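Peer 1: Sharing a structure here in structure tokens format.
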Amino acid sequence: MSAEQAKVDPMHQFTIEPLGGSQGWEIAGYNIAFTNSALWMLITTVVLFLFVLGGMKRELVPGRWQMMVESFTGFIDSMLEANVGKAGRKYVPYIFSLFMFILFANMLGLLPLGIVGIHPFTFTSHFTVTGVLAILSFTIVLVVGFWKHGLHFFSLFVPQGTPLPMIPIIAPIEFISFMVRPFSLGLRLFVAMMAGHVLLEVLSSFVIDGTNAGFLWAGVVGLPSFLLMVGICALELLVAGIQAYVFALLTSLYINDAENLH
Amino acid sequence: MPQIAQLAETYSSQIFWLFVFFGLTFFVIGRGMVPKVMDTVAQRDQQIAGDLAAARTARDAADAEEEAWRVRENENRAAAQAIIAQAKAEGAAASEKKVGAAQKRIDTKVAQAEVSIDEARNAALAEVESVAVEAAQDIVARLAGVIVTKPTAAKAVKEAMAHG
């Protein structure tokens with residue numbers, strides 16, 4: 001990056017850096033350096049732990065914090081009950097962990113800590129992470145499906161009421177759409193998070209470069225970009241919630257396929 | 001794009017730490033804490049349902065109590081009415097008896113009075129007769145110079161009086 005180039009590289013925020021000289025850590029030949037990504041996973045886990053801990057007072061009449069935690073568990077519980085039914089309750093721990101982990105990761109990644117020199121890292125903007133979570137959900141669907149229905153689970157690829165001659169055409173399509181699920185699940189979250197952060201970074205470079213280019217450009221480019229950034233920050237907070245919700249919702253829908261095979 | 005450029009060198013650490021921290025999240029928070037939170041909610045719902053049921057039974061009991069009280073009250077009122085009616089009847093009978101006795105007393109008094117009136121009248125009539133007899137004797141003696149005996153005069157007077 002030369003001095004004439006833009007001072008803000010919108011992709012730099014996704015760079016993974018090993019922390020505290022851990023780049024040499026290995027298990028069985030695989031590198032397990034404790035990176036900034038891992039650090040923010042740790043922070044997410046700790047913050048989420050503290051959040052839920054605050055709701056563990058188990059009071060009969062809940063305080064605000066307990067109410068907040070209970071409304072999250074109740075939200076996941078009712079979502080699973082609506083999509084899977086009574087059998088869905090046993091997936092509450094997994095879906096709750098998934099939803100809250102993604103939600104907190106997205107939210108923490110949006111914190112304006114750059115002002116005080118700490119750079120938040122949104123690990124949900126890496127498809128290695130979202131892909132693993134998606135494959136995890138997909139694996140649970142497969143395990144539950146084959147555990148409950150055995151080989152009968154393959155009838156998932158033949159929708160109910162399909163005419164016999166149509167089965168050879170429908171089944172491959174259904175199979176492909178089924179196999180695409182983990183990719184769409186993982187890519188959706190990764191793309192939404194990355195796009196939002198890139199957009200914010202690009203706009204911030206407009207603000208910085210425009211303001212540095214003089215009074216006129218500050219007014220024409222810098223100020224409108226800044227106002228747009230404020231709005232997009234609000235939009236990104238919404239997207240952070242929606243993407244976590246979509247991930248959890250789709251996972252519960254896929255679990256429904258496995259749990260209640262037609 | 002660091003996600004792809006750094007893929008080869010970072011994928012193992014990303015996956016490893018994700019498993020570590022998401023595993024912690026799942027086992028500690030998801031499996032350990034969330035069921036307790038939901039337990040509290042379930043307990044509260046149960047408590048509320050129990051309290052509502054208790055309130056409902058209490059209200060039903062109160063309703064039954066009130067109904068019983070109303071029945072008792074009606075019975076008491078009926079009993080009181082019966083007592084009043086009986087007392088009224090007794091009073092009426094007693095006063096009737098008293099009135100009857102008084103009537104009887106009055107009747108006898110009236111009868112006695114009538115008898116005494118009759119006696120008085122008869123006495124008076126006798127008096128009038130004797131006076132008339134004496135007067136007739138006197139008149140006859142003065143006018144005719146005949147002296148009639150008392151029984152004769154009396155007989156004449158009686159005849160005259162009977163003819164009016």
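Peer 1: Mind listing whichever residues of the stretch A:173-199 are of a type outside the set (Asp, Glu) and touching a Phe, Trp or Tyr at 6+ places or on another chain (Cβ under 8 Å)?
Peer 2: Those that are of a type outside the set (Asp, Glu) and touching a Phe, Trp or Tyr at 6+ places or on another chain (Cβ under 8 Å): A:Phe175, A:Phe178, A:Arg181, A:Pro182, A:Leu185, A:Gly186, A:Leu187, A:Arg188, A:Leu189, A:Phe190, A:Met194, A:His197.
Peer 1: Would you confirm whether any residue within the stretch B:40-57 is touching an Asp or Glu at 6+ places or on another chain (Cβ under 8 Å) and at negative phi?
Peer 2: Yes.
Peer 1: Do you know which residues across the stretch A:7-51 are aromatic (Phe, Trp, Tyr) and surrounded by 13 or more Cβ atoms within 10 Å (Cβ to Cβ)?
Peer 2: Listed by number, the residues that qualify are A:Phe14, A:Trp25, A:Phe34, A:Trp40, A:Phe49, A:Phe51.
Peer 1: Determine, yes or no, whether A:Leu223 is more than 30 Å from A:Thr128 (Cα to Cα) and not in a helix (DSSP H, G or I).
Peer 2: Here the answer is no, as A:Leu223 does not meet what is asked.
Peer 1: From the set of residues in the stretch B:8-52 that are more than 7 Å from chain A (Cβ to nearest Cβ) and over 29 Å from A:Val61 (Cβ atoms), which is surrounded by the fewest Cβ atoms within 10 Å (Cβ to Cβ)?
Peer 2: So the residue we want is B:Ala8.
Peer 1: State all residues of the stretch A:54-63 that are within 7 Å of chain B (Cβ to nearest Cβ) and not basic (Lys, Arg); if no residue qualifies, say none.
Peer 2: Those that are within 7 Å of chain B (Cβ to nearest Cβ) and not basic (Lys, Arg): A:Gly55, A:Met56, A:Leu60.
Peer 1: Taking the stretch A:185-217 on its own, how many of its residues are under 31 Å from the mean Cα position of the chain (by Cα) and touching a residue at least 24 places away in the same chain (Cβ under 8 Å)?
Peer 2: Within the stretch A:185-217, residues that are under 31 Å from the mean Cα position of the chain (by Cα) and touching a residue at least 24 places away in the same chain (Cβ under 8 Å) number 20.
Peer 1: Determine, yes or no, whether B:Ala79 is open to solvent by less than 60 Å² (accessible area, probe 1.4 Å), out of contact with any Lys or Arg (no Cβ under 6 Å at 6 or more places or on another chain), without any contact (Cβ under 8 Å) to a residue 60 or more places away in the chain and not β-branched (Val, Ile, Thr).
Peer 2: yes
Peer 1: Just checking, does the stretch A:137-157 include any residue being open to solvent by less than 30 Å² (accessible area, probe 1.4 Å) and within 14 Å of another protein chain (Cβ to nearest Cβ)?
Peer 2: Looking through the stretch A:137-157, at least one residue is open to solvent by less than 30 Å² (accessible area, probe 1.4 Å) and within 14 Å of another protein chain (Cβ to nearest Cβ).
Peer 1: Next question, about the same structure. Kindly list the number of the only condition in (1) open to solvent by 60 Å² or more (accessible area, probe 1.4 Å); (2) touching a residue at least 12 places away in the same chain (Cβ under 8 Å); (3) farther than 21 Å from A:Thr251 by Cα that fails for A:Val220.
Peer 2: (2)
The values are calculated or read from the model by the stated rules, or taken from the named source; none is laboratory data. Just so we're clear, the structure is a prediction, and the values are computed from it rather than from any experiment. Reconstructed Cβ throughout: ideal geometry from the backbone, glycine too, with neighbour counts over all protein chains shown. In case anyone asks, the SASA skips ligands and DNA or RNA and just uses the protein heavy atoms, side chains included. Shrake-Rupley method; radii C 1.70, N 1.55, O 1.52, S 1.80 Å.
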